[in-house]
1. Any residue at all in the range 161-173 that is over 21 Å from Leu81 (Cα atoms) and either surrounded by fewer than 20 Cβ atoms within 10 Å (Cβ to Cβ) or not aliphatic (A, V, I, L, M) (or both)?
2. Looking at this structure, is Ala68 aliphatic (A, V, I, L, M) and under 25 Å from Thr30 (Cβ atoms)?
3. Would you mind finding the one in Arg89, Arg3 that is at pLDDT below 95, within 18 Å of Leu113 (Cα to Cα) and among the basic types (Lys, Arg)?
4. Which ones in the range 133-163 are modelled with pLDDT under 90 and touching a Phe, Trp or Tyr at 6+ places or on another chain (Cβ under 9 Å)?
5. Out of (1) outside any loop (DSSP other than H, G, I, E, B); (2) of a type outside the set (Lys, Arg); (3) buried (at least 22 other Cβ atoms within 10 Å of the Cβ), what's the single condition that is false for Val15?
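The values are calculated or read from the model by the stated rules, or taken from the named source; none is laboratory data. Nothing here was measured: the structure is a model prediction, and the numbers come from that model. We place every Cβ from the backbone using ideal geometry, glycine too, and count neighbours over all the protein chains shown.
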Amino acid sequence: MKRIRITLADDHPVVLAGMKALLEPIQDITIVGEATDGQSAIEIIDQRKPDIAVLDISLPIIGGIELAKRISVDFPDVRLLALTVHEDRAYVQPMMQAGARGYLLKRSAADELVRAIRAVADGGLYLDPAIAEKALPTPSGDHAPSAKAGHLDLTPRETEVLRFIAQGFSNKEIAARLDVSVKTVETHKSRGIDKLGLFTRADIVRYGVSQGWLDQILKE
């Protein structure tokens with residue numbers, strides 16, 4: 001059994017202790033480092049190379065959003081899961097745009113932390129049900145799906161590729177799951193978004209929400 005190696009970053013020792021108590025009994029998860037500020041988190045991630053970094057947003061020295069941006073650039077193989085009390089759109093969207101693959105509220109951690117870690121480790125996207133809609137860019141800031149989106153003429157493979165993209169998978173990960181080339185994934189993606197009148201990844205995510213594609217993740 002392959003273990004999921006994680007690091008934890010939170011400036012409250014009680015929260016760190018609570019996360020450790022939740023995770024240490026889980027056989028497929030191993031905690032390889034802890035930090036109480038953003039700078040220490042970067043150093044630990046550099047040393048330990050975890051699979052997932054669980055980050056609070058309100059961290060001293062380097063805040064969680066800036067920390068997520070740096071990790072995404074410097075350690076692209078490390079997937080990020082935000083664990084925070086903040087549920088306002090002003091926090092959710094910047095954290096997801098900074099590279100987080102999951103966003104979990106601390107009030108949900110006792111029930112959902114293990115599930116969120118496994119979802120992110122598997123290459124997917126995890127959004128706390130309470131903030132799922134807030135993770136989407138506001139319509140005024142991005143392209144809305146055109147009227148064509150209501151008249152589906154996607155092929156099954158185009159639908160499959162767009163669903164995986166909406167759920168947070170990279171082209172490479174999708175290619176491996178479908179046993180096709182990355183170029184083939186890109187072709188299906190291009191044809192699909194042309195048919196639906198979509199432009200950006202945010203458009204695909206918004207369309208995915210309308211189709212219930214993200215609900216499938218939240219129920220797993």
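1. Just the residues of the range 161-173 that are over 21 Å from Leu81 (Cα atoms), to begin with: 161-162.
From the residues that got through so far, the ones that are either surrounded by fewer than 20 Cβ atoms within 10 Å (Cβ to Cβ) or not aliphatic (A, V, I, L, M) (or both) too are none.
Within the range 161-173, not a single residue is over 21 Å from Leu81 (Cα atoms) and either surrounded by fewer than 20 Cβ atoms within 10 Å (Cβ to Cβ) or not aliphatic (A, V, I, L, M) (or both).
2. The answer is yes for Ala68.
3. Values: Arg89 fails: within 18 Å of Leu113 (Cα to Cα).
Step by step, each of Arg89, Arg3 is checked, and only Arg3 is at pLDDT below 95, within 18 Å of Leu113 (Cα to Cα) and among the basic types (Lys, Arg).
4. Lys134, Ala135, Asp142, His143, Pro145, Ala149, Arg163
5. (3)
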